[in-house]
Structures are given as C-alpha cells and as structure tokens.
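The values are calculated or read from the model by the stated rules, or taken from the named source; none is laboratory data. It should be emphasised that the depicted structure is a prediction, and the values quoted were computed from it without experimental measurement. Here the Cβ is made from the backbone with ideal geometry for all residues, glycine too, and neighbour counts use every protein chain on show.
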Amino acid sequence: MYVVIMGCGRVGSSLASELEAAGHSVAIIDISREAFRRLGSNFKGKTVAGVGFDRDTLKEAGIEKADAFAAVSNGDNSNILAARVARENYGVKNVVARIYDPGRAEIYQRLGIPTVATVLWTTDQIMRRILPEGSRSEWRDASGTIQLCEMHIDSSWFGNPVSRIENITSARVAFLTRLGEGIIPDEHTVLQDGDLVHVMVQESEIAVVEAALAKSPEDAS
C-alpha cells in the first residue's frame, strides 16, 4: 500500500517506521523540515515540507495514488480538515485522524472519519484503521487452539445486528471497540461504521471467518 502521513512528531515518525518495516510505501508531511530527523537515516520514504491540508502539498506527497491517509499532527482542526480533504477530494478509502479532545470524536465519526483520541492512542490502533484487511491476534489460549482476534468486516455489515456474525460464522463476538471504548454486545447491538470487532475463534477457522466477514452478509451466508 501507499500511505501518506501528516505530522512527523513521535506518533507520525513511529507510524511511518512501522509501515515501512511492514513493506508499505510511505510519504510523510510536516510543516518543519527539522521534524524529519525523527525518521532516522534508514527511512526510505518521501518527506514533504508543507501544510498537510494544502492541496499542492498533498499532491506532492502523492495523495492521488494513496491507499491510506493518517493525520497525526498536533492540531485537531488541522487533522480533521486534512482527513476530510483526503477522503472527499481525493477519494482515499482508509483515513484516520488523531484528536486531542475525545469529546469531539463522535462528531468526527459522523463525518465518516475514524478518529483516535490521544489518551487512547497506540500505533496499532491507527494501523488497524488504515490497513484494515484480515485479522490481528490479540490473545491465544495455552493450547494454541483458540484465539481472540480483531477482525476486519466489510462495510456491508454495518447496520446488521452483531448476532448475525455468530449466525453466519463459527466465531463468537467477544466485544466491540467503538469511539475508543469497549462494548460488550447484546442481542440488540447493531454494528456501526468505525466499529472494531473482536471475536473468539478456533485457530483452524480463522481464515474461513476472515473470508466470510470480508464479504457481504448475503454472500457469506
């Protein structure tokens, strides 16, 4: 994937390094050229000095070919503005914005932009939003036969009850992460855009469950 990052502070530089180590191509934007020192001498990606929501700057960073965009500067407004430009003007599918004010998260979520509040931030959370495919193991029992996995679900699952996952697959939904908080679902819980789904599943069934959740519920049935 080709990923553009706005902000080369501790978060942006760490994210850039992890993405590059995972084999992805990275361009990173910061208003200060000095910030790029954090990337170290081994960084092979592109660095662009400029304002991250400026269209000329974004084009220089390759936004027109980007598969994902992460806005992780130290300004909430800048991050949201840049994320909206990336999604609405350039059609970037996987977009995430870091915010300092968790109280704004729900507002931004309604705009269709997944957000990560600073107090809850981890590189892993951002990685899961801009590289959502497949699953990521979070826990394994002592025998190695059962895993707790965070699973990517196709957007067509949104609006369906959580129980539909259990009806169609062999997985059991342990909890959801919604707007940075964990939720234990019940029979009335409906999947929403931005939800991260954590399931308990037999290790031998992980690939089958991944494949089912990557399709629409109708195709997976």
Revision key, fill the gap. The strands (runs of 3 or more DSSP E) lying entirely within the range 102-161 that contain at least 1 residues which are modelled with pLDDT under 70 and closer than 20 Å to PRO185 by Cβ are 135-140
Review point. Which residue, of ALA207, ALA211, is among the small types (Gly, Ala, Ser) and more than 20 Å from the chain's Cα centre (by Cα)?
Key: ALA207
**Study point:** Selection count where residues are within 15 Å of TRP139 (Cβ to Cβ) and aliphatic (A, V, I, L, M), scope the range 198-221
**Key:** 4
**Study point:** Test set (1) assigned to a loop (DSSP other than H, G, I, E, B); (2) exposed (fewer than 15 other Cβ atoms within 10 Å of the Cβ) - SER73 fails condition number
**Key:** (2)
**Study point:** Count of residues meeting criterion [crowded, with 18+ Cβ neighbours inside 10 Å, in contact with a helix residue (DSSP H, G or I) (Cβ under 7 Å, 6 or more places away or on another chain) and more than 10 Å from SER73 (Cβ to Cβ)] in the range 18-38
**Key:** 2
Check your understanding: Pairs, please: C-beta under 6 Å, at least 6 apart or cross-chain, first residue closer than 23 Å to LYS65 by Cβ and in the range 1-14, second of a type in the set (S, T, N, Q) and at pLDDT 90 or above?
Key -> TYR2/SER25; MET6/SER73; GLY7/SER73
**Study point:** Top-ranked residue of the range 207-217 - restricted to ones that are out of contact with any strand residue (DSSP E or B) (no Cβ under 6 Å at 6 or more places or on another chain) and in contact (Cβ under 8 Å) with a residue 40 or more places away in the chain, ranked as surrounded by the most Cβ atoms within 10 Å (Cβ to Cβ)
**Key:** ALA212
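Being at pLDDT below 95 and under 21 Å from the mean Cα position of the chain (by Cα) is the requirement here; does ALA27 meet it? Step through it out loud before you land on a result.
Numbers: at pLDDT below 95: no; under 21 Å from the mean Cα position of the chain (by Cα): yes.
No.
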